[in-house]
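J.: Take this structure first; my questions come after.
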Amino acid sequence: MTPIGLDDIEALAVGAWILGTGGGGSPHHALLCLRRIFTKSATIELIDPSVLDDDDLVAVVSYMGAPLVIQERLVDSAQVARAVTLMQEHLGRHFRAVMALEIGGGNGMLPMLAAAQLGIPVVDADAMGRAYPEAQMTSFAVGDLRPAPLTTVDPRGIEVIVSNVPTWKWMERASRKVCVEYGSIAATCKAPRTGAEVKRWGIPGTTSKAIRLGRAVVEANRHHRDPIEAILTSEHGKWLFAGKIVEVERRTTAGFLRGKAVVEVAADEHIVLDFQNEWTVIWRDGKPIASTPDLICVLNSDSGEAIGTEVIRYGQRVTAIALPSPDVFLTQQGLENVGPRAFGYDFDFRSVFVS
Amino acid sequence: MKRIGIDVGGTNTDAVLISGYDVLASVKAPTSENVTGGILAALSALRREVDVGDDVEAVLIGTTHFINAVVQRRSLAKVGAIRIAAPATTELPPLCDWPTDLGRIIDGGSWIVEGGFDYDGRRFMPLDRAAIRKACRDIRNNGLAHVAITGMFSPLNAEDEQIAAGIVLEECPHASITCSHELGGIGLLERENAAILNACLVHFAQETIEAFGRAVASAGIDAPLFITQNDGTAVTADQAAARPVYSFVSGPTNSMRGAAFLSGLDDAIVIDVGGTTSDFGNLISGFPRTANDVVHVGGVRTLFRMPDLVSIGLGGGSVINPDTCAIGPTSVGFRLVEKALVFGGNTLTASDIAVAARLANMGERAKVAHLPARLVDGVLARARTTIEDYVDRTTTQAGDVTLLAVGGGSFFVPEKLAGVSRVVRVEHGDCANAIGAAIAQIAGEVDQVFQGLTRPEAIAQARELAEQRAITAGADAKTLSLVEAEDIPIAYLPGNALRVKVKVVGEIANLQRGVRTDAGQVPSVYA
């Protein structure tokens, strides 16, 4: 059991944004909430999944919806906590702990908010190891775990429970409808997981990984060392290329932000980065050189901070690196859910970490 | 048509007189403690240079006074903040992300009431007018004179902010009111911060701008006063006094606009080399490219139109390290004339290197004759690679760019640079900021989410709205032109949601007559 301090939270915000692989929404508001919580007395504890009993129950929290709407509605820890207590009421059971659905972006910070409100620990694990756009793109879906129930909460006192669905795809469809009615944002508690399920299918150590990553960047900047080198060393990442953004194309299709960014890496040498909310594929001379589920992180070349697909723009100096995918997504089922074909590409995954 | 442009900086007050497209005179005077003195001194100097005449049509002033007030935490008033967004947002109340010292100075209390809208224009909650009225009574009892009002998604629907402003006006008739929708786009905290910053400066801005008016009048100039904005456009003195945050960085912006005017170029990278820093900016269609990211002002996170400038510690007064050839970032600043070697001082500055290399002529060259060629060449090489690097960072297109070099230290910019097709220098370049003020136009802007429209329809609708806003602000409808259009699809939202940003500009309505009679010459600013 590790106590979490404000230093860890500040580092988590930087690290979660990097693991967002271009999406996941900014951790800024969650960070502000946590700074305020820490000015009062707050105790947040991080526990390893291995300490869970098999029949413990773990809450999985996330905000679902449009990052743009969060910019106006702001993050609210009481709402996140309410999604969890609503689930407890629905189940008639109490949660032993809370965990993140996705460690990438603002959602990676949410378990900390719920934990501070509810006085239960945070499990050092998530179900993506990064950010992904859809409900079935999780390790729990790869494990074919039950997708329901799910609770959704709106600050006006609207609460909707999706009590049962046959598949993860149906969960995505049903909950997305509710979310749009709320105003395209909902605090949610996903299908509860048993301790056994978290130990078997959760991606362990991702919260401490995000904290470690963020700390590497913060420390490197503080001591005027290269933050990108620090990330690569800390997480066994692979440097892919550095260059300047010379073209950005965005469009919304079926509710997602899709597009590409072109990076000039040398005179007349261009690399194309595709995205669907998050970075999906890197192309060089028409051939894919990196793709999901490897984590593609596009960073500010100077500061090492992540650059989101919503804000990337002409002229930025960027460095792209890859971090290893969680093992669960390298299986046949894993690749079916989050490999290049799951994003509509007609090629098979080849990891940059396999020579 | 004659106009006077004035730049009130921290050190110098510059003034220029232009007629049509000719710069008749440009002068510098020291800025005074009370702004009036510096402006009077500059205008007197201008009169000594040239016959100003009695046909000046407008005086346009750019100033960094308001941003300096925030940075230095002085002349700021307490603000009452009303937010219309409950029951959402209550965990992050107004001022929650401000630096403690600044927050303490201006915190007059905050009230979060029910109301506001959603991204699609639907109502979030019914507006709680009674709660606003109650907040007003508290505001009155607390003796507050400035109120900032921020409603959820107000850039898309300003109705609740307007109703709240009406109530404040009834209950606190003497209070100044700043509504957030007039200042910023999507991002409640950042827009609210801009509104509160604005509200705390209104009193100081009114006093300062009135002082500007008195100074101009007592210099015997009878012409309307305009204040220039962050984006290089101008508004009437009254409007500017109500929105000081829009004048925060008019100095560097005016410099870029002045450079564009003097050179006749619309698209270029501009480098303004001063005494302490060099500012790099990207001139697009005669205007500085604006940042679409969050900007911090005096430690406060805000989001409104600001030019995208990069400032580095390279200037005429930069201190040189003789061992490493490193330049700056420390500078001797206005003490150059006592500290630099060429002036008999004992600090090696960038200007000494320039004199030794015969790039500049000041002080006594004999005093730098001993500098080894290795050092002089080393520093110049360092300056060259630094400038090349930042030009490349600033540019947004592939291919070589035109570089416009202005400012007192522009002799540092070499004639040939990697990535630069040509370096352009202009006469009066050291007063480019005052010239930029003199030529300012009126703008109208829109930043809004459109749904259920095709992309061309959304852009056309945004443009029409922007044109209406420009005309309301005092632009001549016949001279309006589009200078910026950007659209960003929004993830997750249904109905082809598109965020469209559009900006149009035009000439000041009662001034543009006669402009185009000028011998068929159509300079960049009117193109």
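J.: For a quick check of your reading of the model, give me the residue pairs whose first member lies in the range A:342-355 and is among the small types (Gly, Ala, Ser), whose second is surrounded by 11 or more Cβ atoms within 10 Å (Cβ to Cβ), with beta-carbon atoms closer than 6 Å and at least 6 apart or on different chains.
T.: A:Ser351/A:Asp294
J.: Then there's this: Step by step: first the residues of the range B:480-492, then only those that are at pLDDT 60 or above and farther than 15 Å from B:Arg455 by Cα, then the one that is nearest to the other protein chains (Cβ to nearest Cβ). Which residue is that?
T.: Here the answer is B:Glu484.
J.: Report, by residue number, each residue of the range B:1-36 that is open to solvent by 30 Å² or more (accessible area, probe 1.4 Å), free of Cβ contacts under 8 Å to residues at least 40 places away in the same chain and either more than 26 Å from B:Phe66 (Cα to Cα) or touching a Ser or Thr at 6+ places or on another chain (Cβ under 9 Å) (or both).
T.: Once the filter is applied, which keeps residues that are open to solvent by 30 Å² or more (accessible area, probe 1.4 Å), free of Cβ contacts under 8 Å to residues at least 40 places away in the same chain and either more than 26 Å from B:Phe66 (Cα to Cα) or touching a Ser or Thr at 6+ places or on another chain (Cβ under 9 Å) (or both), the range B:1-36 yields B:Asn12, B:Ser19, B:Asp22, B:Leu24, B:Pro30, B:Thr31, B:Ser32.
J.: Given the structure, is B:Pro87 over 27 Å from the mean Cα position of the chain (by Cα) and open to solvent by less than 30 Å² (accessible area, probe 1.4 Å)?
T.: Considered against the rule, which asks whether it is over 27 Å from the mean Cα position of the chain (by Cα) and open to solvent by less than 30 Å² (accessible area, probe 1.4 Å), B:Pro87 comes out as no.
J.: Taking only the range B:257-287 into account, find how many residues are open to solvent by less than 10 Å² (accessible area, probe 1.4 Å), within 28 Å of B:Glu182 (Cβ to Cβ) and out of contact with any Lys or Arg (no Cβ under 9 Å at 6 or more places or on another chain).
T.: Of the residues in the range B:257-287, 3 are open to solvent by less than 10 Å² (accessible area, probe 1.4 Å), within 28 Å of B:Glu182 (Cβ to Cβ) and out of contact with any Lys or Arg (no Cβ under 9 Å at 6 or more places or on another chain).
J.: Considering only residues that are within 13 Å of B:Lys2 (Cβ to Cβ) and among the small types (Gly, Ala, Ser), look in the range B:43-65 and name the one that is nearest to the chain's Cα centre (by Cα).
T.: Looking at residues that are within 13 Å of B:Lys2 (Cβ to Cβ) and among the small types (Gly, Ala, Ser), I get B:Ala58.
J.: Within the range B:314-365, which residues are more than 20 Å from B:Ala381 (Cα to Cα), of a type in the set (Gly, Ala, Ser) and outside any helix (DSSP H, G or I)?
T.: B:Ala340, B:Gly344, B:Gly345, B:Gly363
J.: Tell me, yes or no, whether the range A:232-248 has at least one residue that is open to solvent by 50 Å² or more (accessible area, probe 1.4 Å), in a strand (DSSP E or B) and within 14 Å of chain B (Cβ to nearest Cβ).
T.: yes
J.: Just give me the residues in the range A:50-84 being away from chain B (no Cβ under 14 Å), open to solvent by 10 Å² or more (accessible area, probe 1.4 Å) and within 18 Å of A:Ala100 (Cβ to Cβ), in sequence order. Quick ask: steps written out before the conclusion?
T.: Within the range A:50-84, the subset away from chain B (no Cβ under 14 Å) is A:50-61, A:83-84.
After this cut, where a residue has to be open to solvent by 10 Å² or more (accessible area, probe 1.4 Å) as well, the list is A:50-51, A:53-57.
Correct list: A:Ser50, A:Val51, A:Asp56, A:Leu57.
J.: Go through the range B:405-426 and give me each residue that's under 18 Å from B:Leu359 (Cβ atoms) and either open to solvent by less than 10 Å² (accessible area, probe 1.4 Å) or in a loop (DSSP other than H, G, I, E, B) (or both).
T.: Once the filter is applied, which keeps residues that are under 18 Å from B:Leu359 (Cβ atoms) and either open to solvent by less than 10 Å² (accessible area, probe 1.4 Å) or in a loop (DSSP other than H, G, I, E, B) (or both), the range B:405-426 yields B:Ala405, B:Val406, B:Gly407, B:Gly408, B:Gly409, B:Phe412, B:Val413, B:Pro414, B:Glu415, B:Lys416, B:Leu417, B:Val426.
J.: Any idea how many residues of the range B:39-54 are open to solvent by less than 10 Å² (accessible area, probe 1.4 Å) and either touching a residue at least 40 places away in the same chain (Cβ under 8 Å) or polar (S, T, N, Q) (or both)?
T.: Looking only at that region, the number is 4.
J.: For B:Leu156, which of the numbered conditions (1) closer than 18 Å to B:Leu76 by Cα; (2) within 10 Å of another protein chain (Cβ to nearest Cβ) fails to hold?
T.: For B:Leu156, the failing item is (1).
J.: Restricting the search to the range B:194-219, which residues are small (Gly, Ala, Ser) and over 17 Å from the mean Cα position of the chain (by Cα)?
T.: B:Ala199, B:Ala211, B:Gly213, B:Ala215, B:Ala217, B:Ser218, B:Ala219
J.: Continuing with the same structure: Of (1) within 14 Å of chain B (Cβ to nearest Cβ); (2) surrounded by fewer than 20 Cβ atoms within 10 Å (Cβ to Cβ); (3) more than 20 Å from A:Ile228 (Cα to Cα); (4) touching a helix residue (DSSP H, G or I) at 6+ places or on another chain (Cβ under 7 Å), A:Gln276 satisfies all except one. Which?
T.: Here A:Gln276 meets the rest and fails (2).
J.: Sticking with this one: Taking the range B:43-68 only, how many residues are out of contact with any helix residue (DSSP H, G or I) (no Cβ under 7 Å at 6 or more places or on another chain), β-branched (Val, Ile, Thr) and under 20 Å from B:Ala29 (Cα atoms)?
T.: Residues in the range B:43-68 being out of contact with any helix residue (DSSP H, G or I) (no Cβ under 7 Å at 6 or more places or on another chain), β-branched (Val, Ile, Thr) and under 20 Å from B:Ala29 (Cα atoms): 1 in total.
J.: Also, quick follow-up: Go through A:Arg350, A:Arg341 for me and flag whichever is in a helix (DSSP H, G or I), open to solvent by 70 Å² or more (accessible area, probe 1.4 Å) and more than 12 Å from chain B (Cβ to nearest Cβ). Before you say what the answer is, go through the steps one by one.
T.: Details: A:Arg350 fails: in a helix (DSSP H, G or I).
Of A:Arg350, A:Arg341, the one residue that is in a helix (DSSP H, G or I), open to solvent by 70 Å² or more (accessible area, probe 1.4 Å) and more than 12 Å from chain B (Cβ to nearest Cβ) is A:Arg341.
J.: Does the range B:372-385 contain at least one residue that is open to solvent by less than 60 Å² (accessible area, probe 1.4 Å), β-branched (Val, Ile, Thr) and within 33 Å of the chain's Cα centre (by Cα)?
T.: Yes, that holds for at least one residue.
J.: Mind checking which residues of the range A:259-273 are buried (at least 24 other Cβ atoms within 10 Å of the Cβ) and within 14 Å of chain B (Cβ to nearest Cβ)?
T.: Of the residues in the range A:259-273, the ones buried (at least 24 other Cβ atoms within 10 Å of the Cβ) are A:261, A:263, A:273.
Listed by number, the residues that qualify are A:Ala261, A:Val263.
J.: Hey, another quick one. If only one of A:Ala135, A:Ala191 is assigned to a loop (DSSP other than H, G, I, E, B), of a type in the set (A, V, I, L, M) and touching a residue at least 24 places away in the same chain (Cβ under 8 Å), which one is it?
T.: None of the others qualify; the one that does is A:Ala135.
J.: Also: Which condition from (1) part of a strand (DSSP E or B); (2) open to solvent by 30 Å² or more (accessible area, probe 1.4 Å) is the one that A:Glu310 breaks?
T.: (1)
J.: Here's another thing I want to ask about it. Return the pair list, or none, for Cβ contacts closer than 7 Å from residues in the range A:311-328 that are more than 30 Å from B:Gly399 (Cα to Cα) to residues that are basic (Lys, Arg), at least 6 apart or on different chains.
T.: Correct list of pairs: empty, since none qualify.
J.: Does A:Val178 fit the bill of being part of a helix (DSSP H, G or I) and not small (Gly, Ala, Ser)?
T.: When the stated conditions are applied, A:Val178 passes them.
J.: Further question on the same structure: So A:Pro166 clears everything in (1) more than 23 Å from A:Gly104 (Cβ to Cβ); (2) of a type outside the set (Ser, Thr, Tyr); (3) more than 14 Å from chain B (Cβ to nearest Cβ); (4) open to solvent by less than 20 Å² (accessible area, probe 1.4 Å) except one condition, right? Which one?
T.: For A:Pro166, the exception is condition (4).
J.: (1) within 28 Å of A:Thr206 (Cβ to Cβ); (2) crowded, with 20+ Cβ neighbours inside 10 Å; (3) of a type outside the set (D, E, K, R): which one isn't true of A:Pro288, the others all being true?
T.: It fails just one condition, (2).
J.: Output the residues belonging to the range A:96-105 that are open to solvent by less than 10 Å² (accessible area, probe 1.4 Å) and outside any strand (DSSP E or B).
T.: Scanning the range A:96-105 gives A:Ile103, A:Gly104, A:Gly105.
J.: I'd like to know if the range B:282-290 contains one or more residues that are more than 22 Å from B:Thr64 (Cα to Cα) and of a type in the set (A, V, I, L, M, F, W, C).
T.: Yes, there is a match, as at least one residue in the range B:282-290 is more than 22 Å from B:Thr64 (Cα to Cα) and of a type in the set (A, V, I, L, M, F, W, C).
The values are calculated or read from the model by the stated rules, or taken from the named source; none is laboratory data. Quantities reported herein were computed from a predicted structural model and do not represent experimental measurements. So basically every Cβ, Gly included, is an ideal-geometry build from the backbone, and we count neighbours across all protein chains shown. Calculation scope for accessible area: heavy atoms of the full protein, side chains included, ligands and nucleic acids excluded. Shrake-Rupley method; radii C 1.70, N 1.55, O 1.52, S 1.80 Å.
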